[in-house]
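The values are calculated or read from the model by the stated rules, or taken from the named source; none is laboratory data. All values derive from a computational prediction rather than experimental measurement. Cβ coordinates were reconstructed from backbone atoms using ideal geometry, including for glycine residues, and neighbour counts include every protein chain displayed.
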Amino acid sequence: MDPSRPSDVVSVAEAVLDRAVEFCAQKLNHITPEAVIDLLRQGDHSTYRYWLYGVAKYVSEHLGAWDESITAIYIYEYDATPEDLSLAEAAPDPLIHLIIWAQRKTAALNSLIEGLDRALIQAHSELLGTHQLKYLLDVQVVDDQEMNNRRGYGALFSSLHHRPLPLWKR
Amino acid sequence: MVNWQHMAKKLVAVPAQSVSGFVVSEPARQDPWDTVLMQLDAVAERIKLAPGFHAILRQPERELIVSIPVMMDDGEVQVFTGYRIQHSSARGPCKGGIRYHPEVNLNEVRALAALMTWKCAVVDIPFGGAKGGIQCDPRQMSDNELQRLTRRFAAMIMPIIGPQRDIPAPDVNTDARIMGWLADAVSMLSGKAITMEAVTGKPVPLGGSLGRKEATGRGVAIITRELLKRRAQSPSDTTVAIQGYGNVGSSAAMLLDEMGCRVVAVSDVSGGLYHARGLDIAALNRHMAAHPGCLLETYPAEDGDRISNQDLLTLPVDVLIPAALENQIREDNAPHVQAGIVVEAANNPTTSQGDRILHDRQILVAPDILANAGGVVVSYLEWVQNLQRYFWDEAQVNRSLEEKMVHSFERVWDFSQHTGTSLRQGAYALAVEKVAAAIRMRGMWA
């Protein structure tokens with residue numbers, strides 16, 4: 001599959017969302033994919049969190065396979081305090097916050113992410129029957145230098161309170 | 001019937017701590033426990049802490065490491081490592097969250113436990129400090145697996161927790177639902193209907209407190225108001241910028257707006273909004289409530305200019321409230337901060353270099369240990385309500401939070417003024433002094 005061809009990115013996006021639904025179904029006591037989609041359409045927080053994680057996981061697998069400069073990919077939460085995140089009634093953030101650790105930042109990687117994000121937004125809207133989001137992926141790329149010196153988003157890896165979760169590593 | 005032979009084989013096949021299975025590892029980071037000890041050593045020197053007390057506080061009081069076997073959904077048994085560390089119970093039962101993360105380790109939990117000791121002391125609630133964690137990737141686990149893990153962990157730390165010993169709460173990757181399971185497990189194992197006072201951060205129907213959701217933001221707003229009083233500045237003459245519009249940032253914005261402040265800028269990960277005459281916070285919050293899970297970028301831009309998160313930090317405002325990620329105010333942007341007051345709603349939003357620059361520029365910084373302590377204060381109020389089996393309305397919770405935050409602020413302010421230190425140094429010094437005083441008054445049984 002050639003990710004630079006838009007048609008391939010579209011089919012990858014659809015496959016990612018389908019796999020995320022299956023992942024979610026498995027985590028929620030093996031309910032059916034149709035039941036997952038119903039829960040997602042109803043805005044069930046727990047289902048939505050699992051589903052977003054599934055999307056992040058499969059997106060990471062594709063990005064890691066496509067771009068050899070990527071060392072690892074992480075997901076993190078963007079919020080103030082653990083207390084902030086731990087309130088069950090809080091609606092899940094609609095964005096998937098990823099940190100890509102790459103040897104270097106390249107225009108090709110940015111373009112790949114943008115293309116995939118556009119395709120995911122379209123597929124997301126079709127699957128859930130909702131309005132189109134502006135973004136689904138919030139991706140911060142950190143290079144080796146930033147990671148080693150803990151600068152920019154590389155600083156989160158020294159954090160006691162915001163701990164990125166590893167999704168994919170080379 | 002369980003096939004133990006089969007299970008034993010599987011136990012060998014899945015070694016402990018094989019959580020991620022990844023090969024690449026991030027560059028080493030400074031040990032958080034070393035950092036906490038360095039902070040303590042500096043404070044001890046400043047307040048001339050007796051060497052014996054200093055030695056006591058340099059060690060956690062009790063550490064429990066457990067290996068937690070969990071039957072996964074596929075029938076395999078995995079063994080997870082869990083920790084519960086009690087840094088100090090000198091001032092009361094230990095208090096602190098439980099986090100689930102693949103990289104949780106002993107020194108991280110030690111550091112967080114000590115920080116809880118200081119935080120509880122600063123806001124003068126009768127708790128010591130603790131923290132717990134399980135090395136696991138909760139997003140990879142099903143609801144059922146998480147529940148089994150939580151219940152087994154509860155059983156294994158039961159000997160050292162309880163309403164008069166150590167009261168867990170949510171932390172990174174744990175939530176009210178997990179606290180409900182924990183409370184149920186503790187109750188069942190102690191033969192009680194429900195021991196609700198054993199855990200805080202529970203769902204409201206299980207004894208969770210009203211007012212918990214806005215507690216951290218409310219505390220931030222109260223501290224801001226008290227700082228303005230000390231500067232003889234009226235809220236109506238005050239402009240505020242808030243970085244981060246999650247639960248804490250949006251609650252603080254709403255309350256400061258109600259107090260009469262002009263909230264001129266807010267931001268989230270999608271960027272920010274700025275209106276020099278003040279944003280319509282009520283309308284903004286109505287929009288966010290009507291579009292759950294949406295970001296600020298969806299709010300119509302007529303009510304302000306779009307700005308970046310970095311622009312927000314250097315706006316010409318009176319009060320800056322970082323309520324998002326860590327390390328936002330650094331060596332590179334601290335010289336450009338124009339606010340006279342910084343209130344740290346997030347944990348560690350200012351680096352040590354950034355802090356030094358703000359201090360040299362005489363910018364008043366309300367440290368995170370005080371400014372975002374509203375959450376732990378309402379955890380304490382939840383425990384109080386649970387113990388007396390009598391639940392307050394939200395107004396009563398808010399009044400008690402207000403009293404605690406104002407009193408704590410006054411103590412830190414007076415201490416800092418008296419000793420000529422920053423509010424951050426003052427808060428830590430006061431906390432260590434309070435814990436040391438409790439140890440001294442209890443007498444040395446050694």
Residue pairs meeting the criteria (Cβ under 7 Å; at least 6 apart or on separate chains; first at positive phi, in the stretch A:111-130; second surrounded by fewer than 18 Cβ atoms within 10 Å (Cβ to Cβ) and not β-branched (Val, Ile, Thr)): A:GLY129/A:ARG41
Whichever residue in the stretch B:294-319 is within 14 Å of chain A (Cβ to nearest Cβ) and either hydrophobic (A, V, I, L, M, F, W, C) or closer than 17 Å to B:VAL248 by Cβ (or both) and, among such residues, is surrounded by the fewest Cβ atoms within 10 Å (Cβ to Cβ): B:ALA301
Only one of B:ARG152, B:ARG139, B:ARG177 that is surrounded by fewer than 23 Cβ atoms within 10 Å (Cβ to Cβ), in contact with a Lys or Arg (Cβ under 9 Å, 6 or more places away or on another chain) and not in a loop (DSSP other than H, G, I, E, B): B:ARG139
Only one of B:GLN243, B:GLN164 that is within 12 Å of another protein chain (Cβ to nearest Cβ), touching a Pro at 6+ places or on another chain (Cβ under 7 Å) and either surrounded by fewer than 24 Cβ atoms within 10 Å (Cβ to Cβ) or of a type outside the set (D, E, K, R) (or both): B:GLN243
Positions within the stretch A:41-64 being more than 10 Å from chain B (Cβ to nearest Cβ), touching a strand residue (DSSP E or B) at 6+ places or on another chain (Cβ under 9 Å) and surrounded by fewer than 22 Cβ atoms within 10 Å (Cβ to Cβ), in sequence order: A:GLU61, A:GLY64
Qualifying residue in the stretch A:126-139 (condition: modelled with pLDDT of 85 or more, surrounded by 21 or more Cβ atoms within 10 Å (Cβ to Cβ) and assigned to a helix (DSSP H, G or I)): no
Subset of the stretch B:108-130 [over 29 Å from B:GLU76 (Cβ atoms) and within 13 Å of chain A (Cβ to nearest Cβ)]: B:ARG110, B:ALA111, B:LEU112, B:ALA113, B:ALA114, B:LEU115, B:MET116, B:LYS119
Within the stretch A:151-170, considering residues that are within 8 Å of chain B (Cβ to nearest Cβ) and touching a strand residue (DSSP E or B) at 6+ places or on another chain (Cβ under 6 Å), the one nearest to A:ASP67 (Cα to Cα): A:ARG170
Selection count where residues are modelled with pLDDT under 95 and part of a loop (DSSP other than H, G, I, E, B), scope the stretch B:77-103: 2
Residues of the stretch B:144-173 satisfying the condition of being farther than 18 Å from A:LEU165 by Cα and among the acidic types (Asp, Glu): B:GLU145, B:ASP166
